Amino acid sequence: MLTSEGSAGNDPRQQLRAIARRAARRAMGQAPDAAAPTGAVALEAKGTPNAAPSEAEERELVGESLVLAAPEGSELVIPPRARITPMARDLAFQKGVTFVTGRSAEPLAPAASTSRRPVRVAVASDHGGFKLKAELIPLLKEMGERPVDLGPDTSEVSVDYPDFAGLVAKEVSEGRADVGVIVDGAGIGSAMVANKVPGVLAANCWNEASARNAREHNHANVLTLGSGHLDLAAARAVLSAFLSTPPGDGRHARRQLKTLAVEAEHLRVRQLARAFDEERG
């Protein structure tokens, strides 16, 4: 029974909301009776702010039940260094729930340097995605990456997305770019084109959850965006999530290898058929 937040009764959802309000206020450094931020569900942080967290607390488990109780499309605030179960991640993706790390009440110690080399990003669009592409290139530079604009140079002339999607995919496939970004009206056609190129795993992403899933679960190396569905702020969030999420290992790596094996088998069959035709001709 929760009494500090009013009469929560035995309703688990009401109890969760009460815990969420307390944890959110604590994360924001507010007094217990201050107004809680809205639009987010939070886990209750254990221990006192000044106590050194134990290893178990640092790796607090975020399970499927918490995601199940979160409203669709909401943000689920979790403790720093929390561990999210695979089932919780999958369910969050299905519900459009985004995990957000809450801020500690006390300043954290400076983290060890995580500097990495800038990512080489091949970028292109069709005429419909030109404006958004032009806005994303300086953003990539601000993020410390190395974007290369493959065109087009203007939106005044109608162009075909397969031409430019193919350019980006080739740069990634042949190792001249680490990842690619393609912008067209919906992002779907460019993904189809890019996935025809060997070694390319292109994903059409529309929010942060889908971008993280594409990277962690599917090892995507090309991101396609739809300018007709995303404004600059939304595209920025998707791009940031895509670039900041590392490919997952374990079962995710195993499945990605199987995906590439399907492609390799089809290529081998085609090569054998071509060699046979050449011998006969």
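Just so it is clear, none of the values below were taken in a lab; they were calculated from the coordinates. Every value quoted in this text rests on a predicted model; they were computed, and no experiment measured them. FYI the Cβ positions are ideal-geometry reconstructions off the backbone, even for glycines, and counts take in every protein chain you see.
Points to keep in mind about this one:
- Sole residue being over 20 Å from G96 (Cβ atoms) and crowded, with 17+ Cβ neighbours inside 10 Å, chosen from G151, G189, G175: G189
- The single residue among I182, I137 that is among the β-branched types (V, I, T) and closer than 27 Å to H252 by Cβ turns out to be I182.
- Residues of region 123-140 that are in contact with a Lys or Arg (Cβ under 7 Å, 6 or more places away or on another chain) and over 12 Å from V181 (Cα atoms): L139 alone.
- Residue that is assigned to a helix (DSSP H, G or I), within 24 Å of K95 (Cβ to Cβ) and under 12 Å from the mean Cα position of the chain (by Cα), where the choices are A191, A220, A203, A209: A209
- Where V197 falls short, out of the listed (1) surrounded by 14 or more Cβ atoms within 10 Å (Cβ to Cβ); (2) more than 13 Å from the chain's Cα centre (by Cα); (3) part of a helix (DSSP H, G or I); (4) not basic (K, R): (3)
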